[in-house]
Structure formats: structure tokens, C-alpha cells
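The structure under discussion appears below in the form of C-alpha cells.
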Amino acid sequence: MSLFADYLPDRPGRADERVRVRNGRLADIETLARITAQRQSSSETEAKIRFGRELANPSTAKTLWVAEVENQVIGFGRASLQDRPSDAAPNHPPAGWFLTGVVVSPEWRRRGIGRKLTLARLRYLAAENVSDVYFMVAAVNQASLDLHEAMGFQRLTDDVCAPGVQFSGGRGFLCRLDLRAWNQAQSG
């Protein structure tokens with residue numbers, strides 16, 4: 001299975017109006033772990049443990065959103081506050097809020113779900129008075145780049161390097177959104 005949605009810029013997906021986005025709950029662990037294991041060919045058990053810790057902690061549970069259709073979880077996305085080590089390399093990402101880990105079940109891709117999850121995360125962070133939001137993306141993930149750039153994200157660098165992060169294709173971009181300007185544009 002491909003890690004990313006197919007890149008079909010001339011064939012935009014059709015939004016499914018039945019999709020709802022909400023915060024994740026402990027009851028979602030099984031489905032979230034299955035979706036993650038499918039995408040990453042990893043252990044469902046390990047994913048259950050990670051999601052269990054995340055959803056049991058109120059400070060991280062509120063930054064995990066799920067997309068569902070008729071009470072079936074079909075995808076998720078996160079936001080996380082990340083630090084920058086004092087000895088970080090020049091191309092290490094800055095400290096701040098990052099959009100991380102949008103994953104949508106393959107059979108539900110290209111239906112506007114990634115967009116809905118991204119909007120939910122941006123609205124939450126705007127309500128928390130966050131000024132800038134970042135995301136890192138594999139250079140080969142053109143679908144995600146287009147999605148985020150359409151929302152106003154700007155590429156800052158094409159050689160971002162973060163410990164523990166391996167980009168498909170070996171290269172990643174760091175992008176930033178001025179969330180206050182974005183929020184004003186959404187309101188006006």
C-alpha cells in the first residue's frame with residue numbers, strides 16, 4: 001500500500017459530506033491502530049500502546065482528531081508542540097506547533113478527508129492563539145504539499161532534518177503558515 005494518496009492534480013477528489021471530524025477517544029484505539037499498521041506495515045499492538053498513552057493523557061488527547069463516517073473511524077490527524085534542542089543542526093525545525101500524521105484509510109482517500117482534518121487542527125490552534133504552524137513533508141508527497149500550500153503554507157526549506165524522522169525519497173520540506181493571517185482571512 002502506498003504511504004501517500006495518489007497524486008492526481010487533474011482529477012480532484014470529491015468531498016464526502018458524511019465525513020465528520022472530532023477529537024479522538026479511547027474507544028478509537030483499535031481502529032486507529034489498524035489504520036496505522038496497514039499504512040506503515042507495523043505492529044498493531046505497538047500502535048495500540050502508543051494511541052492508548054496518547055488518548056489517556058488529556059494534554060495530548062485534545063490534539064488528536066479523527067474523521068468518521070457513520071461512526072466508523074476512517075482517518076486521523078495530529079498537532080503537537082515540539083521543542084528545538086539547544087544543540088540542533090541549522091536545518092532542524094524550529095520550536096512550535098506542528099501538524100503531524102494525517103493518515104486516511106486507502107479506500108477513503110481523495111474525498112476531502114485530509115482537508116477536513118487539517119482545517120480542524122488549524123481552527124483549534126487558532127482558537128489557542130497560536131501564531132505560526134509548521135509541518136514537515138516528504139518531497140515526494142505532492143498531494144500533501146498541494147493541500148497545505150492551497151491553505152497558505154509556505155515552504156521554508158527543502159533540507160529539513162529532524163532526529164527520528166525519515167522522509168520517503170530521502171528529502172523533506174519544512175513549511176510554515178502564519179495562522180493569525182489565515183484565521184483573519186477565514187473570518188473575513
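The values are calculated or read from the model by the stated rules, or taken from the named source; none is laboratory data. Source: prediction; values computed, not measured. Here the Cβ is made from the backbone with ideal geometry for all residues, glycine too, and neighbour counts use every protein chain on show.
The condition of being part of a loop (DSSP other than H, G, I, E, B), at pLDDT below 90, within 29 Å of ARG171 (Cβ to Cβ) and not aliphatic (A, V, I, L, M) holds for only one of ARG50, ARG11, that being ARG11.
Consider the stretch 157-178 and keep the residues that are out of contact with any Phe, Trp or Tyr (no Cβ under 8 Å at 6 or more places or on another chain) and surrounded by 13 or more Cβ atoms within 10 Å (Cβ to Cβ). The one that is farthest from ALA127 (Cα to Cα) is ARG171. Quick one: in the stretch 15-46, of everything that is part of a loop (DSSP other than H, G, I, E, B) and among the acidic types (Asp, Glu), which residue is modelled with the lowest pLDDT? Among those residues, the one meeting the criterion is ASP16. With a requirement of 3 or more residues that are farther than 21 Å from ALA15 by Cα and touching a residue at least 40 places away in the same chain (Cβ under 8 Å), the helices (runs of 4 or more DSSP H) lying completely within the stretch 90-188 that satisfy it span 113-127, 179-187.
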